[in-house]
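A short reminder: the numbers here are calculations on the coordinates, not readings from a lab. Everything numeric here is computed off the predicted structure, so don't read it as measured data. As a convention, Cβ positions derive from the backbone with ideal geometry for all residues, glycine included, and neighbour counts pool all protein chains shown.
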Amino acid sequence: MCSQQLQILHVNGNARIAASSTDTAASLNVRVQRATGDVTGSGPPFCLCHAEGDTLTLLDESQSLAALGIRDGARLFARRPHHAKTTTFEAIYQTTEPGFLQPRLANS
């Protein structure tokens, strides 16, 4: 059982949480909810994701942190379920059309 420090990036701010390599992602999720004050009675309001390069991997809540490859000092993202479906990071210029290609408004 190895103790590790994890950095959690959450919509309400960042948190550092001590975890064991035998903890499951589900138990970590509950602890993150408590640490960030984002607790509701209707299931997890967010999903935990791990960044590898420019890709986010949604953590399987039934597996241990060691099985998921989460190491000491890892940065995890607590994302809303509808945002967790997006699994890549993109710059704003990659997701929107340039202004000169966007349709003009009728009043301009």
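Hey, rough spin-label estimate for residue 7 and residue 22, points 7 angstrom out along Cα→Cβ, what's it come to in nanometres?
2.9
With labels modelled as points extended 7 Å from the Cα through the Cβ direction, what inter-label distance (nm, one decimal) is found for residue 75 paired with residue 58?
Output for this residue pair reads 2.3 nm.
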